[in-house]
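Everything below concerns the one structure shown next.
The values are calculated or read from the model by the stated rules, or taken from the named source; none is laboratory data. This one's a predicted model, so the numbers in the text were calculated from it and none came from an experiment. Every residue, glycine among them, receives a Cβ derived from its backbone with ideal geometry; neighbour counts consider all protein chains shown. Just so you know, the surface numbers come from the protein's heavy atoms only, side chains and all, with ligands and any DNA or RNA stripped out. Shrake-Rupley method; radii C 1.70, N 1.55, O 1.52, S 1.80 Å.
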Amino acid sequence: SLASTAITCFTRGLDLRKGTEDVLCPANCPLWQFYVFGDGVYASLSSICGAAIHSGVITNAGGAVRVQTLPGQENYPAVNANGIQSQVLSRWASSFSVTAGTKNTALEAVGRSVSTARPSTGKRPKKTLDKKAGNKDCKADIAFLIDGSYNIGQRRFNLQKNFVGKVAVMLGIGTEGPHVGVVQASEHPKIEFYLKNFTAAKEVLFAIKELGFRGGNSNTGKALKHTAQKFFSLENGARKGIPKIIVVFLDGWPSDDLEEAGIVAREFGVNVFIVSVAKPTTEELGMVQDIGFVDKAVCRNNGFFSYQMPTWFGTTKYVKPLVQKLCSHEQMLCSKTCYNSVNIGFLIDGSSSVGESNFRLVLEFVSNVAKAFEISDIGSKVAAVQFTYDQRTEFSFTDHATKEKVLSAIRNIRYMSGGTATGDAISFTTRNVFGPVKDGPNKNFLVVLTDGQSYDDVRGPAAAAQKAGITVFSVGVAWAPLDDLKDMASEPRESHTFFTREFTGLEQMVPDIIRGICKDFLDSKQ
């Protein structure tokens, strides 16, 4: 049989990993501190050892307990037994029962922060709601931007809170599931709590209940811009590689303009949803500054990001469809920004005319461009090839999954010295470096750096690279002929061709190259 896991007095049913688990309760837990809900069948929020004492499986001397995960239910009763008063709970998403366990070697004490997921029962795979880990299938960092204006008023503000609470619970918040925070829009935006503040649905529900109505104009645009810029920082709990979402609740219409805020949110890689409630009626339209306010703010005007509810009354049926939208991360088109969705290959001239000290300046240029991007296994990727008559792959797109490793690999490139066969090098890079990633999700860019005339044809290989979906930027220094540079560059050639007399001039080009990559990325997404 399985070894028992030593647990603490406070380990709850929802802290365990498996459907059936043998645990070992310590002795002398303070009875009055136990939280236990139910009788015989306990809500998974309950303390395991408390439930075991309550049901008579063990005494306060501790001992071995077998915990069996059960489905959630309604109306857990309050019963006083064995010195513990259990409490009523109207409903919880999962339960457990306890029986006497077999005492075996105890494993390491797991404490309270075990992240777990219940094995799926097959019927509702999305519902791993009850565990600390939360719903791992739902990858999202969400800001609920709630309406706190005079438009909505105190009564409907409370109904809005109930609705947001239901959405929060159904999302399956947890350490590895969605994280949420709340911002209230009124005259001035107020961040009520951040993503990092709570990782359990119960805590979030409590925080939402406590929110006070602020009143004032419905300055949703101001609040949306503020949220896009300030809410999703790493220190406030945003997670790398997880879609950032703002759900804007709007009763009626905004007092200010949403267009600029929508642009800012898209630039920051945030997916904006608008839930409009009681939208303006015919006789109110005269009061609305901009009838198309929804289309200007949402991530994409494709119908997916807007959601309508006729009124705040009877909104329960609207919870699930909204949650399903928020959890479909493949639809989060605005998460992809040029910073996290490109592959950039650098083709570096190592010919003898460059020289060791100028070669260092070239590598510095490459580093400074690479530095601007969010490099990770699910983000942007960087590769480098050095060429003379020969080519050498310094590192490929899959070699380094962090920015630190990429920058260190660039620093460690050794200067080859030799001739200049740029055309051959472009063909080599298209085939060997871009070939393996050509069906991947990222957009492909090649930055060619050269200081002289190529001995071979560059036009054919560059055209083939572009045909393979690679956007080419050419960067020439010193003796590089402008005709060659233009022949290599993608259309429009003017904005993809760069030239400087001196190697020291490379530094000034860095922002232009980054901007060029981002512009091409955005144009390709329209």
| task | In square nanometres and to one decimal, what's the mean projected area of the convex hull around the Cα atoms of region 372-421? | result | 3.7 nm²
| said: Please report the accessible area of Asp399 (heavy atoms, 1.4 Å probe, ligands and nucleic acids excluded) in Å², nearest 10. | reply: 90 Å²
| When we measure straight from the Cα of Lys18, which aspartates and glutamates land under 19 angstrom away, once same-chain ones fewer than 8 places off are left out? | Glu108, Asp130, Asp137, Glu176
| request: May I ask you to list the aspartates and glutamates whose Cα is less than 13 Å away from that of Lys190, ignoring any residue fewer than eight positions away on the same chain? | output: Asp147
| request: For region 398-473, state which chymotrypsin sites (Phe, Trp or Tyr not before Pro) are in a DSSP loop and have at most 15 other beta carbons lying within 10 Å of their beta carbon. | output: Tyr455
| If one takes the longest principal axis of the Cα atoms in the chain, at what angle in degrees, from 0 to 90 and to the nearest 10, does the Cα axis of helix 220-230 lie? | 70 degrees
| note | Mean accessible area per residue over the chain (1.4 angstrom probe, all protein chains present, square angstrom) is 44 Å²
| remark: Per residue convex hull volume, Cα only, region 141-331, in Å³ is 105 Å³
| In the structure displayed, which of Lys279/Lys443; Lys166/Lys222; Lys222/Lys325 lie more than 32 Å apart, Cα to Cα? | Lys279/Lys443
| remark: Log entry: pair-distance distribution for region 5-100, C-alpha pairs binned every 10 Å from zero, whole % per bin is 19, 58, 22, 0
| note | Around Ala207 (Cβ within 14 Å, Cβ-to-Cβ, excluding Ala207; K/R +1, D/E -1) the net charge comes to +2
| said: Compute the distance from the alpha-carbon center of region 376-400 to that of region 185-256, in whole Å. | reply: 41 Å
| note | Of the listed pairs Lys296/Lys381; Lys225/Lys371; Lys240/Lys405; Lys240/Lys381; Lys336/Lys438, those with alpha carbons more than 20 Å apart are Lys296/Lys381; Lys225/Lys371
| query | Hey, what angle do you get for helix 356-371 against the long axis of the chain, alpha-carbon based, 0 to 90 degrees rounded to 10? | reply | 30 degrees
| note | So the angle from the long Cα axis of helix 153-171 to the longest Cα principal axis of the chain, reported in degrees to the nearest 10, equals 80 degrees
| Shape parameters for region 289-425, alpha-carbon atoms, Rg then Dmax in Å | 23.6, 76
| Okay, helix-only estimate at 222 nm for the chain: each DSSP H run of n ≥ 4 adds -39500 (n - 2.57), divide by all residues, round to 500 deg cm²/dmol; what do you get? | -8000 deg cm²/dmol
| task | Report, to the nearest whole %, how much of the accessible area of the chain belongs to carbon and sulfur atoms, 1.4 Å probe, protein only. | result | 52 percent
| request: Determine the sum of side-chain charges near Leu333: Lys and Arg each +1, Asp and Glu each -1, restricted to other residues whose C-beta is under 10 angstrom from that of Leu333. | output: +3
| field | Distance from region 290-311 to region 416-492 (C-alpha centre basis), Å | value | 43 Å
